[in-house]
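Below you'll find the structure, written out as structure tokens, and then a few comments.
Just so it is clear, none of the values below were taken in a lab; they were calculated from the coordinates. Since the structure is predicted, the reported quantities are computational estimates derived from the model, not experimental observations. Neighbour counts are summed over all protein chains in view; Cβ atoms, including those assigned to glycine, are modelled from backbone coordinates with ideal geometry.
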Amino acid sequence: MKKIIALALSVLMLTSALAGCGNETKPGGTSGAGTTQPGSQGTANLEPIKIGSIQDTSGGASLAGQPNQWGVEYAVRWINENGGINGRPVELYSRDCQNDAEVGVTNYRELVDEAGVCAIIGPPLSNPASAWVELATEDKIPIVGHFMDEVCTTDPDTGEAYPYMFLAEPSCSVQSYILAEYGMNELNVKTVATLYNTSNAYAVAHEGPFVNYVEANGGQVLARETFGWTDTDYTAQAQKIAALNPDAVLLCDYCNQMVTAYDNLRDAGYTGYILGANTMYPPFNSLVKNEIKDCYFVQNYDLSAGTIADLLDIQMKETGTDYPTSNVGFGWDACMVLFNAMKQAKDPTDGEEVRQILENNTKDVESAGGAKITIDPSTHRPTRDMGMYIASYDEDVNVDCLVYMTSDYNS
Amino acid sequence: MTFQLFISGVSLGSVYALIAVGFAIVFSILKFSNFAHGGMISACAYIGYFFLSAFETPPPFVVTVIFTTICGVLLALLVDTAAYRRIRRKQAPNIYYFLASITIAILIEQILSVFFGKNLYGYPAIFKSTTFNIGSIRFSSVDTLILVVSLVILAVLLYVINGTRIGLAIRTVAISPSTSRLMGINSDVIIIVVFAIAGALAGISGVLLGMKYSVYPSLGPSMMIKGFIASVIGGLGSLGGAIIAAIALGIVEIFLTYWIGSLSAPIVLFGIMLVFLAVRPEGISGRFAKDKV
């Protein structure tokens, strides 16, 4: 019995140790939250700049959160190996928000109050990010991230930008406008239906603007079908949509749910266009059971070229990930935007100074995909020069980036 | 459309039935809902996937199911040894079984997340087409397979329980473990047999659910709520009741979602469940679990 207990304890300890990895900083052979990643060009003796990263590395969005976190870690490793911020090394403190706003607030307090970070890289999640708006203003902590719902960066009532929140990619609305514009102009779509997760801010923030664009441009919305986190099958909704037979259906949620929705629609006999958010990238193509046909989605990067291709090559080797994912670039881009502002600051740890530079002087920061990120001072989001690819899957079910599009549409 | 929805409901119900039977078999003996079943289904889905991936030419579907079923049995015995055996020996209240089962479910899910959470996996298709038509009615190939498997499992289990000596022993232990010991039945062995059966069911369910959906750590647990509801409505511990309730649940859910939408459907669905339990708390089977298997 003692042996069994000893074995059980060993398993538990191993599991705990592995589970704890989510909060550690891995690149460069260092580990443990708060460890410095010394640079190779004389940055080690200077006072480090502490920044935080809050990502979902174990919750419902961890499939996106883990590569996002890797992108942040690699960007910190890269900046330290390239002279740091004006010679000062960057020290990364990471936390796992588990896609939970409450946990996200606790993470924020730990990073600001205990670790003493001066800026935070946020997750591609809108629910936790929304909860930091007032905290960041109070503490003067700039947060740069990929929380694409516009309510994370601007007050929905006044339209004014929240002072410390910054987005480093096109918002959900812009992505939906681009997708809808492509559908209506290039695919000649006149009637649409939507199928999305009402429990997911990411999905809701895509669906509304898509519908708005279609209706404003003479299209007709035949159905707006929904599902929730606890639903595992959308057959009823799919059959309803198939019976209405719209020209196109918009799917919005995370990859897993997109797969089920796509299969349910095709199983229900729907043969029209299926349009998707940027979660339709791989592994979507390896998971769907039906043939991928007439399927178009927005994609942040052309993953086959440029910095993003190099990042993915390293990330897939280092982490054992089987397929490329754009989220690696999200973490990288958010860091590049923040580092760009910090490099311009007299005191990169001064939250107010960095905030002002982020707001007024973030111009043409190169993203992992090669696009230029210029922050619009009035919205704290990229200007409309930054667009998205419209992608599809080719005959070998590989991603095929068809066209890079921007949109000037405003609801 | 109405008949098509009915067929879709039966298909969805067959998925719930697969889970509900796993619940029912353990509840029939130990009188607790084994939530670890969901975690075991996830683990078996991964085992089946990696077994298939290990071969250049994937082995036949039946071979994968047999392999995963054996692994499910071994996993169930491990879980019993690690989590339930000492509770049983100390004759602790059922709440400890309940807590242990939830702990095991979370533990398995987290272990899977740590080791495999970076990727989603998809089983290769075993059918040329995902659907087939009979007349104008469209059937899902995988769902039909799941329904057939559920019914075969039910038939086999009913035969084992009602027509064999081991089944007689299971029924005896279900009624009273202490009395069965006085009659010369080793109740510990019988309980292990029941866990082995539940493990086999988890193995089969893991492969089938993995084929229908993607393979991810919360695959099994995400199905547990509906499976649990079906086993309660069916009459906790009743195998036949669980399958009937699961299919009824699928049909009602499909129609409600179609008519009133996915947001309102759960309100009505759970309302119906409350009314049903108030009117017939013993469930569809009509007997309380303590009186039968």
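Diagonalising the gyration tensor over the Cα atoms of segment A:179-227 and scaling each eigenvalue by 5 before taking the square root yields semi-axes of 20, 11, 9 Å, largest first. Note on A:234-241: average number of Cβ atoms from other chains within 10 Å of each residue's Cβ is 6.
Cα centroid separation, segment A:101-115 to segment A:72-100: 17 Å.
Checked against a 18 Å cut-off, the cross-linked pairs A:LYS240/B:LYS226; A:LYS293/B:LYS128; A:LYS346/A:LYS372; A:LYS289/A:LYS317; B:LYS31/B:LYS90; A:LYS240/B:LYS128 give Cα-Cα distances beyond that limit for A:LYS240/B:LYS226; A:LYS346/A:LYS372; A:LYS289/A:LYS317; A:LYS240/B:LYS128. Ordering A:GLN344, A:GLY369, A:THR406 by Cα displacement along the dipole of segment A:259-411 toward the positive end leaves A:GLN344 in first place; charges were set at the Cβ atoms of Lys, Arg (+1) and Asp, Glu (-1).
Determine, from the Cβ-Cβ distance of B:PHE98 and B:ILE175 and an R0 of 25 Å, the FRET efficiency 1/(1 + (r/R0)^6), rounded to the nearest 0.05.
Efficiency, from the Cβ-Cβ distance: 0.75.
I'd like the mean, over residues of A:53-66, of how many other protein chain beta carbons sit within 10 Å of each residue's own Cβ.
Mean partner-chain Cβ count within 10 Å for A:53-66: 2.
Overall, the protein assembly as shown carries a charge dipole of about 4160 debye about its Cα centre when +1 sits on the Cβ of Lys and Arg and -1 on the Cβ of Asp and Glu, all other atoms neutral.
Of the GluC sites (Glu not before Pro) in segment A:283-365, the ones in a loop by DSSP (not H, G, I, E or B) with at most 16 other beta carbons within 10 Å are A:GLU291. Model label sites at B:LEU263 and B:VAL62, defined 7 Å from Cα along the beta-carbon direction, differ in position by 5.0 nm.
Fully extending the segment from A:LYS372 to A:THR319 would add 16.3 nm, taking 0.36 nm per residue of separation and subtracting the current Cα-Cα distance. About its Cα centre, the dipole of chain A is roughly 780 debye, where the only charges are +1 on Lys and Arg Cβ and -1 on Asp and Glu Cβ. Charge dipole of segment A:275-326 (Cα centre as origin; +1 on each Lys and Arg Cβ, -1 on each Asp and Glu Cβ, all else neutral): 180 debye, rounded to the nearest 20. Over the residues of the protein assembly as shown, the helix contribution to mean residue ellipticity at 222 nm works out to -17500 deg cm²/dmol, using -39500 (n - 2.57) for each DSSP H run of at least 4.
Separation of segment B:5-19 from segment A:275-310 is 31 Å, based on Cα centroids.
Roughly speaking, what % of Cα-Cα pairs in the protein assembly as shown are separated by over 44 Å, rounded to a whole number?
28
Seen from every direction in turn and averaged, the convex hull around the alpha carbons of chain B projects onto 16.3 nm².
Taking a ≥ b ≥ c as the square roots of the eigenvalues of the Cα gyration tensor of segment B:86-209, is the shape rounded (a/c under 1.5), prolate (a/b larger than b/c) or oblate? Since a/c reaches 1.5 but b/c is at least a/b, the shape of segment B:86-209 is classed as oblate. Think of chain A as a dipole: +1 on every Lys or Arg Cβ, -1 on every Asp or Glu Cβ, centred on the Cα centre; then among A:THR226, A:GLN257, A:ILE274, A:GLN257 lies furthest on the positive end. Equivalent ellipsoid of segment A:261-354: semi-axes from √(5λ) of the C-alpha gyration tensor, largest first, are 37, 16, 10 Å. When its C-alpha radius of gyration is set against 2.2 N^0.38 Å (N residues), chain A gives a value of 0.99. Using a Gaussian network model of chain A in which every pair of alpha carbons under 10 angstrom is joined by a spring, one finds that among A:VAL144, A:VAL192, A:VAL221 the greatest mean-square fluctuation is at A:VAL221.
Ordering B:ILE111, B:LEU99, B:ILE87 by the projection of their Cα atoms onto the charge dipole of segment B:84-136, which places +1 on the Cβ of Lys and Arg and -1 on the Cβ of Asp and Glu, puts B:ILE87 at the extreme positive end. The order of B:SER8, A:SER407, A:SER171, going from fewest to most other C-beta atoms within 10 Å of their C-beta, is A:SER407, A:SER171, B:SER8. I'd like the orientation of helix A:351-360 relative to chain A: the angle between its Cα long axis and the longest Cα principal axis, in ° from 0 to 90, rounded to 10. So the helix axis and the longest Cα principal axis differ by about 40 degrees. Using the Cα gyration tensor of segment B:85-138, with a ≥ b ≥ c the square roots of its eigenvalues, what is the shape: rounded (a/c below 1.5), prolate (a/b larger than b/c) or oblate (neither)? Judged from the Cα gyration tensor, segment B:85-138 comes out oblate (a/c at least 1.5, b/c at or above a/b). Using alpha-carbon positions, what is the distance between the centroids of segment A:321-349 and segment B:123-142, in Å? Cα centroid of segment A:321-349 versus Cα centroid of segment B:123-142: 46 Å apart. Among the residues of B:253-263, the average count of other protein chain beta-carbon atoms within 10 Å of the residue beta-carbon is 5.
Considering every Cα-Cα pair within segment B:1-140, what fraction, in whole percent, is farther apart than 27 Å? Summing the P(r) of segment B:1-140 above 27 Å gives 37 percent of all pairs.
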